[in-house]
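Remarks on the structure that follows.
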Amino acid sequence: MAHFEDLTPCGYMQQWKQSSLAVGWLERGHAYPQGTVDEKFFEALLRLCGKPWQPPVVFAGIHVCSLCQFGGRIAGTSSFGAGGAAGTANVFIPGETKVFIAPTMIVHYIDAHGYVPPREFQDAVFKCPEMRSMPYFKALKALGFPLTSYQAPP
Ligand SMILES: [Zn+2]
């Protein structure tokens, strides 16, 4: 899995580099902020990561947690899904000026490894409209996030 510093352009997806910021792209060997987060924030994030909207593009590869001693690397299917140590999905959260892109494994990083995402990301999670709702797509569009015609709200 790729590593990006929090709040840097998310180069993982070249076409959205201008309009997005990376959050939660952790990798063994890179320091990250640790502590505790509000349970309400965690629940809100878990809900968004449960069935995240993703653009219909090919996402290469599987994210596997490199911080776990064993869990990620011997991941069976039981490790997939929200909260697991491996996953293939990303979550797009509209922020104040950019769209945050985080791997859904961010839930696992917080729960298992004490990761604390940036404050502005936490605020955005609380404000994020329901996935796939009209307000959600409108928020992405307002930030200049390129949506194709069939994803854009009418
Ligand atoms: Zn882990």
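Under a 5 Å amide H cut-off, with hydrogens placed 1.01 Å from N, His63 pairs with Gly87, Thr88 among residues at least 5 apart or on other chains.
Under a 5 Å amide H cut-off, with hydrogens placed 1.01 Å from N, Ser20 pairs with Cys10, Val99 among residues at least 5 apart or on other chains.
Arrange the following residues from fewest to most other Cβ atoms within 10 Å of their Cβ: Leu21, Leu67, Leu7.
The order, fewest Cβ neighbours first, is Leu7, Leu67, Leu21.
Listed by Cβ neighbour count within 10 Å, with the fewest neighbours leading, Asp38, Asp111 appear as Asp38, Asp111.
The ranking of Phe145, Phe92, Phe42 by Cβ neighbour count inside 10 Å, starting from the fewest, reads Phe42, Phe145, Phe92.
Read-outs: derived from the displayed coordinates by stated rules, not from any lab. As the structure is a prediction and not an experimental result, all values here were calculated from the model. Because the Cβ atoms are built from the backbone with ideal geometry, glycine has one as well, and the counts that use them run over all protein chains shown.
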